[in-house]
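Data block below; observations after.
The values are calculated or read from the model by the stated rules, or taken from the named source; none is laboratory data. Bear in mind that the values here come from a model prediction, so they are computed numbers and not experimental data. Neighbour counts are summed over all protein chains in view; Cβ atoms, including those assigned to glycine, are modelled from backbone coordinates with ideal geometry.
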Amino acid sequence: MAPVSGETALPGEATVRQRVYTGGVRVIDGSICSSDGTTRSLLVYEGVETTLFANMGAPTITGQNVINRTAGSFIAEGYKAGDQVMGFGHATASNDGEAVIVTAVAASTLTVNGTPFTNETIASTYRLFRTVQKTRIGIPFNSGNTDSAPSVLLFGASQTRDKSVDTSGVSLGSTGALIVGMQAAISALPAQVYVQAKAARY
């Protein structure tokens, strides 16, 4: 990566050196606003992208709970029973973001609990993440939309009660993702919940 235009040399440097990034980001700040008239909860997950459509051959979902592939191996990619996974980029939008628990792993199949999916031929935009829920944040009604209800911090605030959560931010590698979703559906439009995150590359 070339030096940023206009950048000055650091103390002790004769010239500006190339700045090298390792491919990750640290989410360092963020806020949540809601125009919903009802208090809601936001779930925050940390995920690692472990499977891509390009490595799966002709993937499908069958039985409403089995992800199938014709190339590659779920075992080789490290999946185990008890893992929590989420897929994104499905052909069926309602399959996106379902947090499900793996109950059985074979090279060509990944079986999850219940029947959470609509059967489909998986789209070329598909990505599968192993995830862990980091915290659940209460979002008071109309947060950030009235003078008496400020926006909610994405880090700090309620998460300080959960010692597994780094309240200064979350570091994500080149295949990492910070995933947020509502614990329950929000009210009908025009009600909306906005999540803003700020990140710095490293």
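Report the residue count in the range 115-138 for those that are closer than 13 Å to T62 by Cα and in contact with a strand residue (DSSP E or B) (Cβ under 7 Å, 6 or more places away or on another chain).
Residues flagged as closer than 13 Å to T62 by Cα and in contact with a strand residue (DSSP E or B) (Cβ under 7 Å, 6 or more places away or on another chain) within the range 115-138 amount to 6.
If I filter the range 59-72 down to residues being part of a loop (DSSP other than H, G, I, E, B) and polar (S, T, N, Q), which single residue comes out as nearest to T131 (Cα to Cα)?
Selected residue: N65.
As an exercise: evaluate I61 against (1) modelled with pLDDT under 95; (2) outside the structural domain of S171 (by TED's automatic domain parsing) and give the number of the one condition it does not meet.
Unmet condition: (1).
Could you figure out which of (1) over 28 Å from S94 (Cβ atoms); (2) at pLDDT 90 or above isn't true of V152?
(1)
Take the conditions assigned by TED's automatic domain parsing to the domain that holds V195, in a loop (DSSP other than H, G, I, E, B) and buried (at least 17 other Cβ atoms within 10 Å of the Cβ) and apply them to G144. Does it pass?
Yes: the conditions hold for G144.
Is there a residue being out of contact with any Gly (no Cβ under 6 Å at 6 or more places or on another chain) and of a type in the set (D, E, K, R) anywhere in the range 51-69?
No: zero hits.
Run down G82, G87, G72 and say which single residue is more than 30 Å from T146 (Cβ to Cβ) and touching a residue at least 40 places away in the same chain (Cβ under 8 Å).
So the residue among G82, G87, G72 that is more than 30 Å from T146 (Cβ to Cβ) and touching a residue at least 40 places away in the same chain (Cβ under 8 Å) is G87.
I'm trying to understand the selection: among the residues of the range 73-104, which are surrounded by fewer than 19 Cβ atoms within 10 Å (Cβ to Cβ) and in a strand (DSSP E or B)?
The answer is Q84, F88, I101, T103, A104.
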